[in-house]
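I have placed the structure first, in the form of structure tokens, so that the comments after it can refer back to it.
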């Protein structure tokens, strides 16, 4: 007799691959083999997972059309089944799958649009945290600014694309109106954050992604500035810090030299 784990693996594999036969030992209420019942169940499982992807990636579906999306999603479902009972977690690998899905090669920006959508979902369901007030840095000596380390809101996500993926995404969600896009116009860096009730998706200027990534890795503002200036010698530190604060992306700060923030600010 096969072990329970082996039977479960065979059952799961047969559910997602219509080329596999029905696992042995499955019977209906009459005690007879029930291929028809299993086929219905298999179709419902695949259809449910496909629907989950469709709901999570509306812009991707709009770009490729319903039929193409369903076909692509079915292939993904067969190759990357759920690893968690929480359906919100499903689809994490979908953008990478799209990037390597040959029939979608004519839309080279599609995977990055999917990454923006996945980041949106993750940001929406991230834990709550109160953004730092805009005046939190007012009492800090400007000479101390380089040794500050920022703490980001749990919802903060970044996406870098060598295509105008943000522009394409914006035209294909909600009431967006599709229009011609020059793919050779350059890439776009994106910040996704949900400081309050709504998810905000913002374009980042040149050098900003390097800046926020260094900060997200617990680097100081000085280290982040150096990374940003390497990418863009005209990087504007004051403007970028202001944008981060206004977006609600920052929830606290600390000093790399060990001193404590004042009581009016939250310690990172």
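Quick notes
- If only residues of the stretch 138-156 that are part of a helix (DSSP H, G or I) and without any contact (Cβ under 8 Å) to a residue 12 or more places away in the chain are counted, the one that is farthest from residue 256 (Cα to Cα) is 142.
- Qualifying residue in the stretch 82-92 (condition: modelled with pLDDT of 95 or more and surrounded by 20 or more Cβ atoms within 10 Å (Cβ to Cβ)): no
- All positions within the stretch 188-197 that are in contact with a helix residue (DSSP H, G or I) (Cβ under 9 Å, 6 or more places away or on another chain) and either part of a strand (DSSP E or B) or modelled with pLDDT under 95 (or both): 188, 189, 190, 191, 192, 193, 195
- The stretch 212-235: number of residues that are assigned to a loop (DSSP other than H, G, I, E, B), modelled with pLDDT of 95 or more and either surrounded by fewer than 17 Cβ atoms within 10 Å (Cβ to Cβ) or in contact with a strand residue (DSSP E or B) (Cβ under 7 Å, 6 or more places away or on another chain) (or both): 3
- In a residue-by-residue description of the stretch 99-110, the property of being part of a helix (DSSP H, G or I) and within 17 Å of the chain's Cα centre (by Cα) applies to at least one position.
The values are calculated or read from the model by the stated rules, or taken from the named source; none is laboratory data. Worth saying up front: this structure is predicted, and the values here are computed from it rather than measured. FYI the Cβ positions are ideal-geometry reconstructions off the backbone, even for glycines, and counts take in every protein chain you see.
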